[in-house]
Amino acid sequence: MCLAIPVEVKEVLPDDMASVTLDGVLKIISTALIDDVRPGDYVILHVGYALTKINPEEAERTLALIHEAAMGNAT
Amino acid sequence: MKYIDEYRNGRLARDIARQIASTADPGRSYHLMEFCGGHTHVISRYGLEDLLPDNVRMVHGPGCPVCVLPIGRIGAAIALAMRSDITLCTYGDLMRVRDKNGWSLLKAKAAGADVRMVYSTLDALKIAEAEPQREVVLFAIGFETTTPPTALALKTAIAKGLGNFSIFCNHVVTPAAIHSILESPDVRKLGTIKIDGFVGPAHVSAVIGTKAYEFFAEEFRKPVVVAGFEPLDVLQAVLMLVRQINDGRHVVENQYIRAVTRLGNVKAQEEIANFFELRESFEWRGLGELPLSGLRLRPRYAAYDAEKRYSMVTFKAEDNQACECGSILRGAKKPADCKLFATVCTPDTPMGSCMVSSEGACAAHWTYGRFRTKARQSNAGRAIA
Ligand code: SF4
């Protein structure tokens, strides 16, 4: 039940809801726990709610750090 | 899928593992507790322990919400569900957990109880709205990730005037559990359990923020690295912990910067605070009564509190005497140390809490680790793409 996955927001709907795609399937979720949701944002979906937004720059930075770590440079 | 696949690269995983091996001091050992069941699952599923050098060991913590729910609470939920006016809504993982008489919600349902599996608290609200003649009770469990959804369900129920909706609240809080592990005699008395650092939860931390762990890092002098849920996230966090331990540092670091901030999701925290308050004490399966570790509805929402509304009673019930879950949840033992493991106790016939959900240490080991112990190293990291 702790499963939480990144999904892409397709459309922002009234009443703090949004449609997202999950493995190509459209799903309606609640975005009442986060602010400023826009189409194209990735959010962490957990039991029907977006828990937080994914920060694309930080995601890039993490990958860069992972590559560095793999090569043996101190992160 | 984006934000998933790139964190599952097998070559990178092996490279990081090599860095961990060369960074770890061969003269000492590193015992790292992953608190969260999601991490336990990932570690088992991808065989991450096999990639690590022998002196870097993962210790599985108690962060599986289904596992730590005491059987007495399951019994109370079953008793409630058996009432003819009640519709009990529950997350799927709870359906198979047995009470002390061997009953589960699944069995209760087969016997005629109106038990409905929901994916989200939103589904429970829909049922309450569509069926005003039913008394709809949400069996709410989980850590800080599921608490805000419960709070919002309550908020919506109040806004819509759904008088037939209530909550059986079993939410628990993460910092209290970590605290109790660090305070437990096994950990305090040097030598029984060694914990050198923590892999902090991913999505719980997205809600509560990394600042929630600063106190432990300082007070207990243990490093904490909050990590994402993919295999490369976990490996990188392990490397960060090994470096901190080598340097004699004990601070909170954040590997999961793409989703977690220091302050967390303040909006979600506010929703929790609006509707819930700490209980003086709450029982955790395997860990016993922990002070200030569970939540209940605030008194002003008593009308929505199923425990009050239906005068629910919870009986204390012990697990099978031979079950080692208590020691496993505190990191003192491993699943294979239990005499019942894989013989009497399997996911189909769970004897203790660690076997009831796929995030429990015993269930994870049963599913992914059982046949591997012998074949260690040879197929290390095989499951990563
Ligand atoms: S194998 Fe079963 S009985 Fe043994 S510790 Fe794990 S859950 Fe308990």
> For the stretch B:1-39, which residues satisfy the criterion of being surrounded by 16 or more Cβ atoms within 10 Å (Cβ to Cβ), within 8 Å of chain A (Cβ to nearest Cβ) and out of contact with any Leu (no Cβ under 8 Å at 6 or more places or on another chain)?
Replying inline: B:Tyr3, B:Asp15, B:Cys36, B:Gly37
>> Among (1) touching a Pro at 6+ places or on another chain (Cβ under 8 Å); (2) within 30 Å of B:Arg45 (Cα to Cα); (3) surrounded by 24 or more Cβ atoms within 10 Å (Cβ to Cβ); (4) within 14 Å of chain A (Cβ to nearest Cβ), there is one condition B:Gly228 misses while meeting the rest; what is its number?
In response: (1)
> For A:Ile44, are the conditions met, namely being farther than 26 Å from A:Lys10 by Cβ, facing another protein chain (nearest Cβ under 8 Å) and surrounded by 14 or more Cβ atoms within 10 Å (Cβ to Cβ)?
Replying inline: no
> Inside the stretch B:334-355, can you point out the residues that are part of a loop (DSSP other than H, G, I, E, B) and either more than 8 Å from the ligand (Cβ to nearest atom) or under 16 Å from the mean Cα position of the chain (by Cα) (or both)?
Replying inline: B:Lys334, B:Thr343, B:Pro347, B:Asp348, B:Gly352
>> Can you tell me which residue is nearest to the other protein chains (Cβ to nearest Cβ) among those in the stretch B:356-380 that are away from the ligand (no atom under 12 Å from the Cβ) and at pLDDT 75 or above?
In response: B:Glu359
> Just a yes or no: is a residue in the stretch B:46-56 among the charged types (D, E, K, R), more than 9 Å from every other protein chain (Cβ to nearest Cβ) and touching a Phe, Trp or Tyr at 6+ places or on another chain (Cβ under 8 Å)?
Replying inline: no
> Considering the stretch B:67-95 alone, what residues qualify as being more than 12 Å from every other protein chain (Cβ to nearest Cβ) and part of a loop (DSSP other than H, G, I, E, B)?
Replying inline: B:Pro70, B:Met82, B:Arg83, B:Ser84, B:Asp85
> Going by the conditions given, is B:Lys211 part of a loop (DSSP other than H, G, I, E, B), among the basic types (Lys, Arg) and on the phi < 0 side of the Ramachandran plot?
Replying inline: no
> What tally of residues in the stretch B:284-325 results from selecting those that are among the small types (Gly, Ala, Ser), more than 18 Å from B:Ile74 (Cα to Cα) and within 16 Å of the ligand (Cβ to nearest atom)?
Replying inline: 1
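The values are calculated or read from the model by the stated rules, or taken from the named source; none is laboratory data. Model, not experiment: these values are computed from the prediction. Glycine also receives a Cβ, built like all others from the backbone with ideal geometry; neighbour counts cover every protein chain displayed.
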